[in-house]
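Colleague: Sharing a structure here in structure tokens format.
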Amino acid sequence: MDRTSTILIVARDGTEWVDVVDHLADDYGYRVLVVQGSAEALATLVDVHVDLVVAEMEEPAESGAALLTELRVSHPDIIRILILDADAPGIGRAISQAAIYQFLRKPLDAEQLALVVKRGLETRELARRHRILSREFKVSDNAGLLDLHPSLPFRAESMRFEKLVYASEKMAELCDVARQAARTELPILIQGETGTGKELLARAVHYNSARKASPLQVQNCGGMSDELLQSELFGHKRGAFTGAISDRLGLFRAADGGTVFLDEISEVSPSFQVSLLRFLQEGELKPLGSDKSLICNVRIIAASNRRLSMLVAKGEFRQDLYFRLKGFEFEVPPLRDRVEDIPVLAEFFAAKHSEAIGRKILGISASLIEKLVHYDFPGNIRELENEIRRMVALAKDGEYLTTRNLSPALQAAAPRRTPRRRPGSCLRVRP
Ligand SMILES: Nc1ncnc2c1ncn2[C@@H]1O[C@H](COP(=O)(O)OP(=O)(O)OP(=O)(O)O)[C@@H](O)[C@H]1O
Ligand SMILES: [Mg+2]
């Protein structure tokens with residue numbers, strides 16, 4: 001495996017797990033996240049790519065493996081391990097419903113658990129390789145039927161950074177630097193056209209940083225009055241303005257120890273820019289209506305689909321704030337500049353949406369891939385995802401997605417003359 005495996009521990013009481021976490025992280029090198037309860041586990045799974053879940057039995061015993069049962073359907077390739085209390089009664093039904101890989105009884109034995117985790121991950125890797133091989137075998141078997149384009153190299157293996165899926169060199173480089181940037185404390189500025197995955201990248205950075213166990217708070221700064229934005233982020237004292245009927249903590253302090261993602265940062269007013277600059281310089285903020293400054297420790301990740309350097313040149317954005325924000329600066333390239341990602345993304349979205357609605361799609365035809373890689377995608381990945389979701393909804397069980405399922409807008413689109421690079425062809429939807 002080319003990346004560290006991620007283990008999610010769903011504990012009733014995190015303190016009991018300290019030795020186990022240390023052992024898995026320090027001696028085995030896994031990335032370990034600990035959450036409490038199913039709700040927090042499901043929220044984490046939205047942002048984080050997890051390989052294996054270890055969940056403690058919940059109360060009551062009959063529904064104690066409910067989370068794992070849910071994961072069996074929503075995340076079938078995550079390995080599931082259940083931890084039972086020493087005296088828990090037989091739970092045969094729960095175990096078979098959740099199709100768990102293994103259960104262990106308390107007291108926790110760090111070495112035993114680590115061994116089971118290791119074996120579970122090996123099983124997962126074998127299953128993954130088996131899937132790829134059988135897919136390749138089926139594709140070569142059906143090459144005539146599928147009208148495989150001879151000039152398309154067989155397939156590019158997809159890579160992942162949490163929920164970001166990609167195959168292109170450009171994204172691989174960007175994600176490598178983002179992984180390193182995540183481990184620092186510097187602010188990050190992410191720029192790029194709409195729908196390129198800026199928010200997904202911000203979330204991936206948070207969950208790969210030392211702040212991952214603390215909150216990630218998201219604020220869209222577009223279209224908000226100054227007063228509202230100030231109070232959302234920095235909080236306010238009761239009576240600070242009409243309608244402020246009680247004290248408000250504010251997002252920054254709610255995220256203390258964690259990360260605040262400020263979306264559409266280009267839209268904030270000059271006076272808000274001053275407040276933000278002060279915060280970045282001093283680490284202090286003043287709630288509206290208060291004369292006391294408070295210390296708050298958050299990391300800022302900001303995003304914009306307008307280039308801040310241009311706004312600085314036009315005098316619309318403070319240069320000192322721009323420099324503060326870009327501890328690291330990432331430009332997420334538009335999809336048309338990384339067409340190698342189109343086949344793997346199309347396959348990923350086809351699998352995701354066909355699973356969601358229970359449709360059995362066999363795969364994507366090479367001619368459809370060919371059409372997609374020649375299209376400009378002004379709405380970038382969001383537009384590609386919407387297109388595939390629509391095609392999956394229209395397709396029938398047992399069919400391939402083909403050009404005839406394309407939306408009229410894409411059907412009519414004139415192809416770009418030369419795709420910048422030949423994509424890898426990947427034609428099968430994962431079972
Ligand atoms: N590399 C990727 N792999 C999988 N899904 C992606 C990828 N990039 C983007 N997406 C999906 O595309 C959609 C848009 O992504 P996101 O919201 O992160 O974009 P954005 O750059 O923040 O867009 P905007 O500027 O409009 O806010 C989301 O549904 C996201 O899950
Ligand atoms: Mg966004």
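The values are calculated or read from the model by the stated rules, or taken from the named source; none is laboratory data. Every value quoted in this text rests on a predicted model; they were computed, and no experiment measured them. A quick note on method: Cβ atoms are made from the backbone with ideal geometry, for glycine too, and the neighbour counts reach across all protein chains shown. Areas reflect the complete protein model, heavy atoms only, side chains present, ligands, DNA and RNA absent. Shrake-Rupley method; radii C 1.70, N 1.55, O 1.52, S 1.80 Å.
Colleague: Quick one: count up the residues across the range 260-304 that are away from ligand 1 (no atom under 16 Å from the Cβ), within 14 Å of E316 (Cα to Cα) and in contact with a helix residue (DSSP H, G or I) (Cβ under 9 Å, 6 or more places away or on another chain).
Modeller: 5
Colleague: Looking only at the range 310-322, how many residues end up being within 27 Å of N208 (Cβ to Cβ) and open to solvent by 50 Å² or more (accessible area, probe 1.4 Å)?
Modeller: In the first step, residues of the range 310-322 are kept if they are within 27 Å of N208 (Cβ to Cβ); the result is 321-322.
Filter once more, keeping what is open to solvent by 50 Å² or more (accessible area, probe 1.4 Å): none.
Counting residues in the range 310-322 that are within 27 Å of N208 (Cβ to Cβ) and open to solvent by 50 Å² or more (accessible area, probe 1.4 Å) gives 0.
Colleague: Moving on to the next point. Would you tally the residues in the range 174-194 being out of contact with any Lys or Arg (no Cβ under 8 Å at 6 or more places or on another chain), of a type in the set (D, E, K, R) and over 14 Å from D337 (Cα atoms)?
Modeller: Number of matching residues: 3.
Colleague: Restricting to the range 262-279, name every residue that is more than 15 Å from ligand 2 (Cβ to nearest atom), open to solvent by 30 Å² or more (accessible area, probe 1.4 Å) and not in a helix (DSSP H, G or I).
Modeller: Answer for the range 262-279, where residues must be more than 15 Å from ligand 2 (Cβ to nearest atom), open to solvent by 30 Å² or more (accessible area, probe 1.4 Å) and not in a helix (DSSP H, G or I): just S269.
Colleague: Identify all residues within the range 232-247 that are within 25 Å of D263 (Cβ to Cβ) and modelled with pLDDT of 80 or more; write none if there are none.
Modeller: Matches in the range 232-247: E232, L233, F234, G235, H236.
Colleague: Look at R203 and say whether it is open to solvent by 50 Å² or more (accessible area, probe 1.4 Å) and within 15 Å of ligand 1 (Cβ to nearest atom). Walk me through it before giving the result.
Modeller: On the way: open to solvent by 50 Å² or more (accessible area, probe 1.4 Å): yes; within 15 Å of ligand 1 (Cβ to nearest atom): yes.
Answer is yes for this residue.
Colleague: Out of the helices (runs of 4 or more DSSP H) lying entirely within the range 311-390, which hold 1 or more residues that are without any contact (Cβ under 8 Å) to a residue 60 or more places away in the chain and small (G, A, S)? Even if it seems obvious, please write down each step before you answer.
Modeller: Working: elements: 319-325, 341-357, 366-373.
Once the helices (runs of 4 or more DSSP H) in the range 311-390 are filtered for at least 1 residues that are without any contact (Cβ under 8 Å) to a residue 60 or more places away in the chain and small (G, A, S), what remains is 341-357.
Colleague: Here's another thing I want to ask about it. If only one of T242, T196, T184 is within 16 Å of ligand 1 (Cβ to nearest atom) and hydroxyl-bearing (S, T, Y), which one is it?
Modeller: Values: T242 fails: within 16 Å of ligand 1 (Cβ to nearest atom); T184 fails: within 16 Å of ligand 1 (Cβ to nearest atom).
Residue meeting the stated conditions: T196.
Colleague: Further question: Return the residues of the range 280-299 that are touching a strand residue (DSSP E or B) at 6+ places or on another chain (Cβ under 8 Å) and surrounded by fewer than 21 Cβ atoms within 10 Å (Cβ to Cβ); say none if nothing qualifies. Quick ask: steps written out before the conclusion?
Modeller: Of the range 280-299, the ones touching a strand residue (DSSP E or B) at 6+ places or on another chain (Cβ under 8 Å) are 280, 283-290, 293-296, 298-299.
Residues satisfying the conditions are L280, G283, E284, K286, L288, G289, S290, S293, L294, I295, C296.
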